[in-house]
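Undergrad: Could you have a look at this structure, given as structure tokens, before my questions?
The values are calculated or read from the model by the stated rules, or taken from the named source; none is laboratory data. Only a predicted model underlies this, so the values are computations on that prediction, with no experimental measurement involved. Here Cβ is always computed from backbone atoms with ideal geometry, including for glycine, and neighbour counts include all displayed protein chains. Remember, those area values only see protein heavy atoms, side chains included, never the ligands or the DNA or RNA. Shrake-Rupley method; radii C 1.70, N 1.55, O 1.52, S 1.80 Å.
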Amino acid sequence: MMATLYGVGIGPGDPELLTLKAARIVGAVPVVAYFCKAGRPGHARTIAAPHLNPAAAHLRLEYPFTIEVPVGDPRYLIEIGRFYDAAAEQVGAELDQGRDVAVICEGDPFFYGSFMYLYDRLRDRFPTEVIPGITGMGGCWTRAGSPITHGDDVLTVLPGTLGAEAMAARLAGADAAVIMKVGRNLPKIRAALQDAGLLTRAIYVERGTMADEAIRPLAAVEGDDAPYFALILVPGRQRPR
Ligand SMILES: C[S@@+](CC[C@H](N)C(=O)[O-])C[C@H]1O[C@@H](n2cnc3c(N)ncnc32)[C@H](O)[C@@H]1O
């Protein structure tokens, strides 16, 4: 029997927001793998900790950089490609030894998740199963008490890393929006929302569903920087029915 690669969505942060299937798999596999920043415990590991098989080996897949090399820098694609090749080799070596590996992923693995780059490299070599997770944005709009789309509203989801012009163009005319990857992109996002006339509807959510979450109107957020786990919600307008 060949070992299986699992991509396991572990939800937005609250450890009770894992699916039963995710909890069963991470509680049983001999190897748990996760992407993380060098020297940090890893967000996914922290979220899933109460559910992990205590005897599992941990495979840390440490990013060579996070925000130090900008996405537009030609080095970025080359170096990040090499990193994912090496990570796939590490995970593949465990699978070759007959050990199932669960790659735990914040939110849903197929939604802006690094797991997808392992999936692309390994799915033809090993049996692979992906367990969907509650997305970060779903956790955030629930905690904010802000239904996001009504009726025929169209939801626009944008990464905060988009250029200012592209972001403004996508926001113009948007019914409802979610802007991910806020971090140091906060001033650009604020400006684009202001231009689109959406600033007054925008809600800032930091670490949604986690013990230290913070939720407030974006207009009340001071400063030009935000943590990694932050996103902006622009709820659709509730139309009378
Ligand atoms: C690389 S993406 C991963 C998204 C994830 N796969 C998902 O399904 O939500 C990371 C971004 O998701 C957003 N995010 C995920 N979970 C969040 C949470 N609990 N609170 C706020 N933002 C979150 C942040 O914008 C963060 O920069």
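Undergrad: How large is ³J(HN,Hα), in whole Hz, for each residue of segment 198-208 in order, when computed from phi with the Karplus curve 6.51 cos²θ - 1.76 cosθ + 1.60 and θ = phi - 60°, using x for Gly and Pro?
TA: 10, 4, 5, 8, 7, 10, 9, 10, 10, 6, x
Undergrad: Still on this structure: Expressed as a whole percentage, what fraction of the accessible surface of segment 5-134 belongs to carbon and sulfur atoms when a 1.4 Å probe is rolled over the protein heavy atoms?
TA: Exposed carbon and sulfur together represent 54 percent of the surface.
Undergrad: Let me know the charge dipole size of the chain about its Cα centre in debye, to the nearest 20, where only the beta-carbon of Lys, Arg (+1) and Asp, Glu (-1) is charged.
TA: My answer is approximately 360 debye.
Undergrad: So what is the accessible area of the chain per residue, in Å², with the probe set to 1.4 Å? If you can, show how the numbers build up before the last one.
TA: Values: 12350 Å² over 241 residues.
Solvent-accessible surface per residue comes out at 51 Å².
Undergrad: Indicate the helices, whole DSSP H runs only, in the chain that combine a mean Kyte-Doolittle hydropathy of -0.5 or more with a Cα extent along their long axis of 30 angstrom or more.
TA: 74-96
Undergrad: In the neighborhood of N185, defined by Cβ-to-Cβ distances under 13 Å, what is the net charge if each Lys or Arg adds +1 and each Asp or Glu adds -1? Intermediate values should be presented prior to the final figure.
TA: Values: positive: K181, R184, K188, R190; negative: D224, D225.
Surrounding charge for N185 is +2.
Undergrad: Sticking with this one: Within 10 Å, Cβ to Cβ, of M210, how many net charges do the neighbouring residues add up to if Lys/Arg are +1 and Asp/Glu are -1?
TA: -2
Undergrad: What share of the DSSP beta bridges in the chain is antiparallel, in percent to the nearest 5? Please report the intermediate quantities before stating the final value.
TA: Numbers: 12 of 36 bridges.
Roughly 35 percent of the beta bridges in the chain run antiparallel, per DSSP.
Undergrad: Please compute the contact order of segment 5-134 in relative form: average sequence separation of alpha-carbon pairs under 8 Å and at least six residues apart, divided by the residue count, as a percent.
TA: Relative contact order comes out at 43 percent.
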